[in-house]
Amino acid sequence: PQGYFFVSDGYGDPRVVKFDKNARFTKAAGTRGNGPLQFSTPHAISVDAKGMVYVADRGNSRIVVLDNDLNQKAVYDNVGAPWAVCITQGAHQYLYTSNSFPTGNNFDQVKDTGEVYKMELDGKVLGRFGTGGHGPNEFSSIHQMDCRDENTLYVAEITQWRVKKVT
(Lines give C-alpha, C1' and ligand atoms only; values in the text may rest on other atoms or scores of the structure.)
Protein backbone atom coordinates (compact mmCIF):
# COMPACT_ATOMS: atom_id res chain seq x y z
CA PRO A 1 0.00 0.00 0.00
CA GLN A 2 2.95 2.37 0.52
CA GLY A 3 4.28 1.67 -2.99
CA TYR A 4 7.10 -0.68 -2.04
CA PHE A 5 7.60 -4.22 -3.26
CA PHE A 6 9.45 -7.08 -1.64
CA VAL A 7 11.48 -10.01 -2.95
CA SER A 8 12.42 -13.20 -1.11
CA ASP A 9 15.90 -14.28 -2.17
CA GLY A 10 15.52 -17.90 -1.17
CA TYR A 11 18.04 -19.94 -3.07
CA GLY A 12 21.02 -17.60 -3.26
CA ASP A 13 21.03 -15.35 -0.22
CA PRO A 14 18.49 -16.01 2.55
CA ARG A 15 17.03 -12.54 2.87
CA VAL A 16 14.10 -10.29 2.04
CA VAL A 17 14.77 -7.22 -0.08
CA LYS A 18 12.65 -4.06 -0.20
CA PHE A 19 12.45 -1.83 -3.29
CA ASP A 20 10.62 1.44 -3.87
CA LYS A 21 8.05 1.97 -6.64
CA ASN A 22 10.87 2.89 -9.06
CA ALA A 23 12.66 -0.42 -8.38
CA ARG A 24 15.40 1.24 -6.34
CA PHE A 25 16.91 -0.84 -3.54
CA THR A 26 15.73 0.41 -0.14
CA LYS A 27 16.68 -2.21 2.42
CA ALA A 28 17.47 -5.88 2.98
CA ALA A 29 17.01 -8.05 6.05
CA GLY A 30 17.98 -11.58 6.88
CA THR A 31 20.90 -13.95 7.18
CA ARG A 32 21.17 -17.75 7.06
CA GLY A 33 19.99 -19.51 10.21
CA ASN A 34 16.91 -20.20 12.31
CA GLY A 35 16.88 -17.29 14.75
CA PRO A 36 15.23 -13.88 14.59
CA LEU A 37 15.57 -12.34 11.10
CA GLN A 38 17.28 -15.50 9.88
CA PHE A 39 15.94 -17.66 7.08
CA SER A 40 16.54 -21.02 5.45
CA THR A 41 15.11 -20.84 1.93
CA PRO A 42 12.65 -17.95 2.18
CA HIS A 43 10.61 -19.41 -0.66
CA ALA A 44 7.57 -17.16 -1.08
CA ILE A 45 6.29 -13.81 0.09
CA SER A 46 3.00 -11.92 0.34
CA VAL A 47 1.98 -8.52 1.69
CA ASP A 48 -1.31 -7.63 3.39
CA ALA A 49 -3.32 -4.42 3.04
CA LYS A 50 -1.51 -2.85 6.01
CA GLY A 51 1.93 -3.53 4.51
CA MET A 52 2.88 -6.47 6.72
CA VAL A 53 5.17 -8.92 4.91
CA TYR A 54 4.62 -12.70 5.28
CA VAL A 55 7.64 -14.84 4.37
CA ALA A 56 7.39 -18.59 3.77
CA ASP A 57 10.60 -19.66 5.50
CA ARG A 58 10.50 -23.14 4.00
CA GLY A 59 13.74 -24.56 5.42
CA ASN A 60 12.81 -23.53 8.96
CA SER A 61 9.19 -24.75 8.66
CA ARG A 62 7.64 -21.43 9.59
CA ILE A 63 6.12 -18.19 8.35
CA VAL A 64 7.96 -15.07 9.48
CA VAL A 65 5.95 -11.84 9.65
CA LEU A 66 7.80 -8.56 9.09
CA ASP A 67 6.55 -5.01 9.21
CA ASN A 68 6.94 -2.73 6.19
CA ASP A 69 10.41 -1.71 7.37
CA LEU A 70 11.51 -5.39 7.62
CA ASN A 71 11.42 -5.67 11.42
CA GLN A 72 10.37 -9.11 12.62
CA LYS A 73 6.96 -9.07 14.34
CA ALA A 74 5.82 -12.70 14.58
CA VAL A 75 6.62 -16.32 13.72
CA TYR A 76 3.99 -18.94 12.83
CA ASP A 77 5.56 -22.37 13.23
CA ASN A 78 2.42 -24.52 13.24
CA VAL A 79 1.86 -25.03 9.49
CA GLY A 80 4.54 -27.47 8.37
CA ALA A 81 7.04 -26.39 5.71
CA PRO A 82 5.47 -23.50 3.77
CA TRP A 83 6.48 -23.41 0.11
CA ALA A 84 3.83 -20.85 -0.85
CA VAL A 85 1.85 -18.09 0.86
CA CYS A 86 -0.88 -15.83 -0.42
CA ILE A 87 -3.26 -13.30 1.10
CA THR A 88 -6.82 -12.73 -0.05
CA GLN A 89 -8.14 -9.35 -1.09
CA GLY A 90 -11.09 -7.64 0.54
CA ALA A 91 -11.95 -6.06 3.86
CA HIS A 92 -11.20 -9.23 5.85
CA GLN A 93 -8.01 -10.82 4.58
CA TYR A 94 -6.96 -14.43 5.04
CA LEU A 95 -3.56 -16.04 4.75
CA TYR A 96 -3.21 -19.31 2.85
CA THR A 97 -0.10 -21.45 2.97
CA SER A 98 0.99 -24.84 1.71
CA ASN A 99 2.77 -27.57 3.64
CA SER A 100 4.26 -29.13 0.56
CA PHE A 101 5.36 -32.66 -0.16
CA PRO A 102 9.09 -31.83 -0.36
CA THR A 103 10.34 -33.59 -3.47
CA GLY A 104 7.22 -35.32 -4.58
CA ASN A 105 9.13 -38.59 -4.45
CA ASN A 106 9.92 -39.10 -0.75
CA PHE A 107 6.79 -41.07 0.11
CA ASP A 108 7.97 -41.50 3.71
CA GLN A 109 7.07 -37.80 4.16
CA VAL A 110 3.65 -37.94 2.49
CA LYS A 111 1.74 -38.56 5.74
CA ASP A 112 3.04 -35.27 7.20
CA THR A 113 2.56 -33.05 4.15
CA GLY A 114 0.18 -31.99 1.42
CA GLU A 115 -2.10 -29.69 3.40
CA VAL A 116 -3.25 -26.21 2.53
CA TYR A 117 -3.92 -24.04 5.59
CA LYS A 118 -6.38 -21.16 5.84
CA MET A 119 -5.39 -18.72 8.57
CA GLU A 120 -6.21 -15.38 10.09
CA LEU A 121 -3.42 -12.85 9.59
CA ASP A 122 -2.57 -13.18 13.30
CA GLY A 123 -1.57 -16.82 12.74
CA LYS A 124 -4.72 -18.54 13.98
CA VAL A 125 -5.37 -21.62 11.86
CA LEU A 126 -9.01 -21.67 10.74
CA GLY A 127 -8.79 -24.93 8.87
CA ARG A 128 -6.80 -27.12 6.57
CA PHE A 129 -7.45 -29.53 3.76
CA GLY A 130 -5.58 -31.88 1.47
CA THR A 131 -3.19 -34.77 1.76
CA GLY A 132 0.17 -35.48 0.21
CA GLY A 133 0.43 -37.46 -2.99
CA HIS A 134 0.08 -37.36 -6.75
CA GLY A 135 -3.60 -38.24 -7.14
CA PRO A 136 -6.42 -35.97 -8.32
CA ASN A 137 -7.45 -34.96 -4.78
CA GLU A 138 -3.92 -34.86 -3.37
CA PHE A 139 -1.19 -32.24 -3.42
CA SER A 140 2.51 -32.69 -3.95
CA SER A 141 4.89 -29.73 -4.14
CA ILE A 142 2.67 -26.65 -4.24
CA HIS A 143 5.16 -24.12 -5.51
CA GLN A 144 2.83 -21.12 -5.82
CA MET A 145 -0.73 -20.16 -4.91
CA ASP A 146 -3.17 -17.45 -5.97
CA CYS A 147 -5.99 -16.62 -3.58
CA ARG A 148 -7.57 -13.34 -4.62
CA ASP A 149 -10.92 -14.74 -3.52
CA GLU A 150 -11.05 -16.50 -0.15
CA ASN A 151 -13.13 -19.33 -1.62
CA THR A 152 -11.14 -19.96 -4.81
CA LEU A 153 -7.49 -21.00 -4.86
CA TYR A 154 -5.23 -21.76 -7.77
CA VAL A 155 -2.28 -23.95 -6.85
CA ALA A 156 0.71 -24.74 -9.05
CA GLU A 157 2.48 -28.02 -8.32
CA ILE A 158 6.03 -28.25 -9.58
CA THR A 159 6.52 -32.01 -9.29
CA GLN A 160 3.25 -32.82 -11.05
CA TRP A 161 3.47 -29.95 -13.57
CA ARG A 162 -0.15 -29.05 -13.04
CA VAL A 163 -2.34 -26.21 -11.87
CA LYS A 164 -5.46 -26.91 -9.85
CA LYS A 165 -8.44 -24.73 -9.15
CA VAL A 166 -9.75 -25.44 -5.66
CA THR A 167 -13.09 -24.07 -4.46
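Evaluated against (1) within 23 Å of Val125 (Cα to Cα); (2) in contact with a Ser or Thr (Cβ under 8 Å, 6 or more places away or on another chain), Lys73 falls short on exactly one condition, (2). The lone criterion from (1) in a loop (DSSP other than H, G, I, E, B); (2) touching a Ser or Thr at 6+ places or on another chain (Cβ under 7 Å) left unmet by Tyr54 is number (1). Restricting the stretch 129-150 to residues that are open to solvent by less than 70 Å² (accessible area, probe 1.4 Å) and outside any loop (DSSP other than H, G, I, E, B), the residue that is nearest to Gly90 (Cα to Cα) is Cys147. For Gly59, the stated conditions do not hold, so it cannot be described as part of a loop (DSSP other than H, G, I, E, B) and either touching a helix residue (DSSP H, G or I) at 6+ places or on another chain (Cβ under 7 Å) or closer than 21 Å to His143 by Cβ (or both). Criterion applied to Leu126, Leu153 was being open to solvent by 10 Å² or more (accessible area, probe 1.4 Å), outside any loop (DSSP other than H, G, I, E, B) and of a type outside the set (Gly, Ala, Ser), and the one residue passing it is Leu126.
Yes or no, residue by residue, for (1) open to solvent by 30 Å² or more (accessible area, probe 1.4 Å); (2) among the aromatic types (Phe, Trp, Tyr):
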position	(1), (2)
Gly51	no, no
Arg58	yes, no
Ile63	no, no
Lys73	yes, no
Ile87	no, no
Tyr117	no, yes
Leu121	yes, no
Glu157	no, no
Lys165	yes, no
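Number of residues in the stretch 6-39 that are part of a strand (DSSP E or B), open to solvent by less than 60 Å² (accessible area, probe 1.4 Å) and over 22 Å from Val75 (Cα atoms): the value is 1.
The values are calculated or read from the model by the stated rules, or taken from the named source; none is laboratory data. Everything numeric here is computed off the predicted structure, so don't read it as measured data. Positions of Cβ are generated from backbone atoms using ideal geometry, with glycine treated the same way; all protein chains shown enter the neighbour counts. Only protein heavy atoms, including side chains, enter the accessible area calculation; ligands, DNA and RNA are left aside. Shrake-Rupley method; radii C 1.70, N 1.55, O 1.52, S 1.80 Å.
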